[in-house]
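A.B. asks: Quick one: the structure is below, and I'll ask about it shortly.
The values are calculated or read from the model by the stated rules, or taken from the named source; none is laboratory data. These numbers were taken from a predicted model, which means no experiment stands behind them. Cβ coordinates were reconstructed from backbone atoms using ideal geometry, including for glycine residues, and neighbour counts include every protein chain displayed.
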Amino acid sequence: MGNQKFDVSYNVQATVDSKNNLILDYEVTNEGNDKNQLNEMAARAKDILEVESLEVLADKGYYNPEEIRKCTENNIIPIIPEPKPKQFKEGNVPEPKFYDNQFKYDAGKDVYTCPGGRELAYSCDSIKNKKNMR
């Protein structure tokens, strides 16, 4: 949910057999991220493979301590990198080093120069939120 709008999400989960690289199972969810999908998908893969224990590898998008706990209780060993903590908490944001009024525009070259002396050249036009952006 962003900008007071509701986004319809389709999130496809898949489990793959590492030995044969074949898709074992899949699920389509309406969740906007993978954080609550690990245990269910791993348990389904464990059942399909008919094994007592299973080692699963997932990206950091699946990192969720509660899901990891559920996996270990189900004899599933998750291997997931822990995401880096957010550097700044809300309300504790450092002052920007460069302010927009410090950028100088060179019309002849059609570039802005930042306070650090680097040129920021025009790259493309786009439309964002029904506004033309350059």
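A.B. asks: Name every residue in the stretch 15-39 that is small (G, A, S), surrounded by fewer than 12 Cβ atoms within 10 Å (Cβ to Cβ) and more than 16 Å from I76 (Cβ to Cβ), in order of residue number.
C.D. replies: The answer is none; no residue qualifies.
A.B. asks: Same structure again: Consider I80 carefully, then state whether it is β-branched (V, I, T) and either touching a Ser or Thr at 6+ places or on another chain (Cβ under 6 Å) or at pLDDT 95 or above (or both).
C.D. replies: no
A.B. asks: Restricting to the stretch 54-74, give me the number of residues that are under 25 Å from N20 (Cβ atoms) and out of contact with any helix residue (DSSP H, G or I) (no Cβ under 8 Å at 6 or more places or on another chain). Quick ask: steps written out before the conclusion?
C.D. replies: Filtering the stretch 54-74 for residues under 25 Å from N20 (Cβ atoms) gives 54-59, 61-62, 71, 74.
Those still in the list that are out of contact with any helix residue (DSSP H, G or I) (no Cβ under 8 Å at 6 or more places or on another chain) too: 55, 57, 59, 61.
Here the count works out to 4.
A.B. asks: How many residues, within the stretch 15-41, are acidic (D, E) and farther than 14 Å from N64 by Cβ? Please lay out each step first, then the result.
C.D. replies: Our first condition is that a residue be acidic (D, E); within the stretch 15-41, this holds for 17, 25, 27, 31, 34, 40.
With the extra rule that they be farther than 14 Å from N64 by Cβ, the set shrinks to 17, 25, 27.
The qualifying residues number 3.
A.B. asks: Answer yes if at least one residue in the stretch 27-34 is more than 30 Å from N129 (Cβ to Cβ) and assigned to a strand (DSSP E or B), and no otherwise.
C.D. replies: Yes; the residues of the stretch 27-34 include at least one that is more than 30 Å from N129 (Cβ to Cβ) and assigned to a strand (DSSP E or B).
A.B. asks: Could you look through the stretch 40-80, keep only residues that are in a helix (DSSP H, G or I) and hydroxyl-bearing (S, T, Y), and pick out the one that is surrounded by the most Cβ atoms within 10 Å (Cβ to Cβ)?
C.D. replies: Taking the candidates together, the pick is Y62.
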